[in-house]
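**Student:** Dumping the structure here so I can ask a few things about it.
Where a number appears in this text, it was derived from the coordinates with a stated rule and is not lab data. From a predicted model like this one, the values you see are computed outputs, not experimental measurements. As a convention, Cβ positions derive from the backbone with ideal geometry for all residues, glycine included, and neighbour counts pool all protein chains shown.
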Amino acid sequence: MSSPCFTLSDGRNIPALGLGTYKLTIEEADDLIKFALLEAGYRHIDGAWIYGNERPIGQAVRSVIDSGKLKRDDIWITSKCWNDKHRQSQVMDSCKESLANFGLDYLDLFLIHWPMGYDNDPESGINKISDVDYLETWKGMEDVYKAGLAKSIGVSNFTVSQLERLLANCSIKPTVNQIEVNPYFSNDDLVDYCKSQGILVTCYSPLANVSRVEIVANHHDLSKDAHLIKIGAKYNKSWAQVALRYNYQRGLSIIPKTKSKQRLIENISIFDFQLTQQDMETIKSINKNVRTITFDATKDHPLYPFER
Ligand SMILES: NC(=O)c1ccc[n+]([C@@H]2O[C@H](COP(=O)([O-])OP(=O)(O)OC[C@H]3O[C@@H](n4cnc5c(N)ncnc54)[C@H](OP(=O)(O)O)[C@@H]3O)[C@@H](O)[C@H]2O)c1
C-alpha cells in the first residue's frame, strides 16, 4: 500500500503517513527502514537529532537509493533542531550535523523541535534555560531553507499564540506544526488554528503511544477503546487503523512508530476504507483531552507550550 500526499503551503507534497522513529534502536533501524521503504510502501520517515538514530536510518535509506529501487526524491526525510541549538548560527550547524548523520545533502523538512531554548554547559553537561527567542531560531531556519539544506521548514510543539507571533515576524512561513493528536487528545483549537493559517498538522503519538501502558502508571490505553474496536470490526480493521484513519480524514498527517514489520504494514493499510460521518462523530466523542507527552522536565521554562 502507498500513502497519498498533502500539499504544503510551499507547494511541496508530503506523504500523509510517515514512520515515527523515536525509540527505534540502532540495532533495529537498518532492517526495519529497508523493509518500510521496499516492502511496506513507506515514503516518509520522521526523524530528529535527539533520537540518536539518524546514522543507521541514513545508512538504510542510502542503501535503498544505491540499489536503484528508489530515488532520493521518492523519500521524504524530516529532522528536528534540538533545544540547545536555538541560536541563529547553531541552527545551520544543527541541520548540517543531521545531514552528515544521514549522509544526505538535503532534508525534506526541518522543524524546530520545541519552542524552548536551552544552553548546554559542556563541562557539567547540564542544560540551563536560555533567553533565546524562537524568532531568532526561526531566522536560522530561514537561513537553512535559503541555503537549500532543507526544502521545507516548520515547527513542532508550538501553541496558537507562539504561531501568531511567529507568523507576524517571519519572511518564510512555517509549513508544518508537529503536535500531539490522537483520538484521546484531539487538540481541536490548535488544529483549527493551524488549518486556518494553511499550516499542516502532523500528529505525533497518533496511537497515544500504547506501549507506555506497561511503563507509565494510569496511562490511558487506546488499544482497549471499545468504540475504536467496534468501528474497526465493521471494516475488518484494527483499533490502530481506525485511530490513524480518523486523523487522516480530519486532513492531518500521521507518523506512527513501530519496530514490528507486521505493524508497519498494518499502520499503512488505512487508505482502502472510509469512515462514515457517524463513525467520525463517535470517535470525536471519545476525546479525553489527555496528553501522552508532557515533557515535565521543561515545565519551568517560560516558553513551555502546555498547560502546567
Ligand atoms: N515532535 C515531538 O515532540 C514528538 C514527540 C513524540 C513523538 N514524535 C514523533 O512521533 C512518532 C510517533 O509517536 P510515538 O512514538 O510517541 O507514539 P505512537 O506512534 O502513538 O505509538 C508507538 C507505540 O505504539 C506501538 N504500536 C505501533 N503500531 C501499533 C499497532 N498497529 N498496534 C499496536 N501497537 C502499535 C509501538 O510498539 P512497537 O514498536 O512494539 O510496535 C510503539 O511503542 C515518534 O516516533 C516520533 O517520530 C514527535
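**Student:** Based on other C-beta atoms within 10 Å, arrange M141, M92, M1 from fewest to most.
**Tutor:** M1, M92, M141
**Student:** State the three equivalent ellipsoid semi-axes of the chain, derived from the C-alpha gyration tensor as the square roots of 5 times its eigenvalues, in descending order and whole Å.
**Tutor:** 29, 24, 19
**Student:** If we sort 239-247, 266-274 on the protection proxy, mean other Cβ atoms within 10 Å, highest first, what's the order? Display every interim value, and only then the final one.
**Tutor:** Working: 239-247: 25.3, 266-274: 18.1.
Going by the mean number of other Cβ atoms within 10 Å, highest first, we get 239-247, 266-274.
**Student:** Just from the alpha-carbon atoms, what are the Rg and Dmax of segment 216-256 in angstroms?
**Tutor:** Final numbers for Rg and Dmax: 11.2, 32 Å.
**Student:** Same structure again: With an 8 Å cut-off on Cα pairs and a minimum separation of 6 or more residues, tell me the relative contact order of segment 137-233 in percent.
**Tutor:** 21
**Student:** Restricting attention to segment 6-60, which GluC sites (Glu not before Pro) occupy a DSSP loop and are surrounded by at most 13 other Cβ atoms within 10 Å?
**Tutor:** Loop-located and lightly packed - E39.
**Student:** Something else about it: Amide H to amide H under 5 Å from Y118: which residues, 5+ apart in sequence or cross-chain, H placed 1.01 Å off N in plane?
**Tutor:** D84, K85, H86, S130
**Student:** Just to check, using Stokes-Einstein with a Kirkwood Rh over alpha carbon pairs, what's the diffusion coefficient of segment 23-110 at 10 °C and 1.306 mPa s in µm²/s? Don't skip to the answer; put the middle values down first.
**Tutor:** Working: Rh = 13.2 Å.
Result for D is 121 µm²/s.
**Student:** Based only on other Cβ atoms within 10 Å, what is the fewest-to-most ordering of Y304, Y184? Numbers along the way, then the final one.
**Tutor:** Working: Y304 18, Y184 21.
Least crowded to most crowded, the residues run Y304, Y184.
**Student:** Here's something else I'd like to know. Which shape class, rounded, prolate or oblate, goes with segment 57-203 when its Cα gyration tensor gives a ≥ b ≥ c as root eigenvalues, a/c under 1.5 marks rounded, and past that a/b bigger than b/c marks prolate?
**Tutor:** Taking the square roots of the gyration eigenvalues as a ≥ b ≥ c, segment 57-203 is oblate.
**Student:** Let me ask something else. What does DSSP give for segment 1-136 in terms of the percent of beta bridges that are antiparallel, rounded to the nearest 5?
**Tutor:** The answer is about 40 percent antiparallel.
**Student:** So how strong a dipole does the chain carry about its Cα centre when Lys and Arg Cβ are +1 and Asp and Glu Cβ are -1, to the nearest 20 debye?
**Tutor:** Rounded to the nearest 20 debye, it is 820 debye.
**Student:** Test of understanding: ordering I77, I26 by Cβ neighbours within 10 Å, fewest first, what list do you get?
**Tutor:** On the way: I77 25, I26 11.
Listing I77, I26 from fewest to most nearby Cβ atoms yields I26, I77.
**Student:** Also: Give me the percent relative contact order of the chain, please, defined on Cα pairs under 8 angstrom at least 6 residues apart.
**Tutor:** Dividing the mean separation by the residue count of the chain yields 18 percent.
**Student:** So what's the convex hull volume per residue for the Cα atoms of segment 170-254, in Å³?
**Tutor:** Dividing the Cα hull volume of segment 170-254 by its residues yields 105 Å³.
**Student:** Moving on. Once every DSSP H run of n ≥ 4 in the chain is given -39500 (n - 2.57) and the sum is divided by its residues, what mean residue ellipticity at 222 nm do you get, rounded to the nearest 500 deg cm²/dmol?
**Tutor:** On the way: 10 runs with 110 residues, N = 308.
Dividing the helical sum by the residues of the chain leaves -11000 deg cm²/dmol.
**Student:** How much of the DSSP beta bridge set in segment 13-298 is antiparallel, as a percent to the nearest 5?
**Tutor:** 15
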